[in-house]
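The structure appears below as structure tokens.
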Protein chains: 2
Amino acid sequence: MVHSFASEAVAPSELRQLLEELYQGRGLSFYSNGQTIQMSSQDIWIVCRGVVLLSTLFPNGDEVLLGLASPSMPFGLPLTSIYSYHATALSDVDLMRLTVAEIEQSPTLSRSLWQHQSRRLRQTEAMLALVGHRRVKERLCQLLSLLKQEIGQPVAEGTRISVKLTHQNLANAIGTTRVTVTRLLGQLREEGWLSIDRNRYIILH
Amino acid sequence: MVHSFASEAVAPSELRQLLEELYQGRGLSFYSNGQTIQMSSQDIWIVCRGVVLLSTLFPNGDEVLLGLASPSMPFGLPLTSIYSYHATALSDVDLMRLTVAEIEQSPTLSRSLWQHQSRRLRQTEAMLALVGHRRVKERLCQLLSLLKQEIGQPVAEGTRISVKLTHQNLANAIGTTRVTVTRLLGQLREEGWLSIDRNRYIILH
């Protein structure tokens, strides 16, 4: 279902270089794994290193996974219409803060961000498509393919999902329970689709 | 759950004027209500008039609604990673065709499209958030609020949803059946949330 346009996007290192040239001396903000990222109404964060989990929390306590921002992707309150919107570091992350006004004033920056925002649009749409599958196992397989494409790293045995998502995170993304995800991951492991390495990362075969 | 940033975006008429200046003499493509819009791998369509329904079709025949492109919003194969991607005119529509290269070469155009693509990202994310609600009625109410915000037109009795979405379209957006949508719309009508006007448009009160 999912095909990649990675080759068309500006390489993350190019955007980082561009940002460094445009904003020499502006520091990066560091968040460690698990920390909540502060957001304010005019700021757009650009991921320079690591992966950020974007989610919404319902009044009943349910959390829904809305996206994973990986290097060069923008996120922030000006880019969402969700009222209860949360960003959490899924690894150690470095972020650069820009304002909407800065982006709009810089043609180079807005062109580059247009491309990386397209990546976020494609990812969000792919997540929306996968929740349409009736069978939960199919939803989980589609989610794993999407994660492989978005944040996969090639290793000897296949592709390693480069951040540790909990079974609850995966359940939140596909509208099921943690217990079901644990059971299905066990099945997929027995069927040879995936394995778990010594550091508890998922490897897709 | 959904709040609007409409005031921050470039007004649709501004983008249209910009496009006309940039591409004087380039014709618009017209599609009538219900027609399938042709897409090719390098083309990005900009909606100049009307509303386009974006969806994906699963091998089992299920359709999932992925978005509604309203005036100034871009859509097309370069902006999606979904393999089976369909665009259908939901009203009479005028579209302008651009290529990725043209957009990347024009700073004015990429800045303007960055803003309208942000609107699509916000909409897609809002659709993703609403499918997380456990109760189908809650999902339908959230969808109607989103439609009100995206394509609502003020009328004397409230806000009219400016295109006719079938009960099946609404069902496809919230992962339920047409029969359930028909029943729930009946309930919402009895409860005074909405009415249907003489031309079969939904009016939200």
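The values are calculated or read from the model by the stated rules, or taken from the named source; none is laboratory data. This structure is a prediction, so every number in the text was calculated from the model and none was measured. Cβ coordinates were reconstructed from backbone atoms using ideal geometry, including for glycine residues, and neighbour counts include every protein chain displayed.
Of note:
- Count - residues of region B:88-109 that are among the hydrophobic types (A, V, I, L, M, F, W, C) and closer than 11 Å to B:Val51 by Cβ: 3
- Flag if B:Arg178 is touching a His at 6+ places or on another chain (Cβ under 7 Å), at pLDDT 90 or above, away from chain A (no Cβ under 12 Å) and closer than 24 Å to A:Arg139 by Cβ: yes
- Number of the exception - A:Gln153 against (1) assigned to a helix (DSSP H, G or I); (2) free of Cβ contacts under 8 Å to residues at least 24 places away in the same chain: (1)
- Members of region B:116-140 that are over 21 Å from B:Met39 (Cβ atoms), crowded, with 20+ Cβ neighbours inside 10 Å and more than 8 Å from every other protein chain (Cβ to nearest Cβ): B:Leu130, B:Arg139, B:Leu140
- Qualifying positions in region B:45-97 - away from chain A (no Cβ under 13 Å) and of a type in the set (A, V, I, L, M): B:Ile46, B:Val47, B:Val51, B:Val52, B:Leu53, B:Ala89, B:Leu90, B:Val93, B:Leu95, B:Met96
- The listed residue being at pLDDT below 95 and surrounded by 15 or more Cβ atoms within 10 Å (Cβ to Cβ), out of A:Ile196, A:Ile151: A:Ile151
- If you go through region B:166-184 and keep only what is in a helix (DSSP H, G or I) and more than 20 Å from the chain's Cα centre (by Cα), you end up with B:Val179, B:Thr180, B:Thr182, B:Arg183, B:Leu184.
- Leading residue by the ranking (farthest from B:Val51 (Cα to Cα)) among those in region B:141-165 that are over 16 Å from the mean Cα position of the chain (by Cα) and among the hydrophobic types (A, V, I, L, M, F, W, C): B:Ala156
- Count of region B:113-144 residues, restricted to those that are in contact (Cβ under 8 Å) with a residue 60 or more places away in the chain, out of contact with any strand residue (DSSP E or B) (no Cβ under 7 Å at 6 or more places or on another chain) and closer than 16 Å to B:Gly76 by Cβ, is 1.
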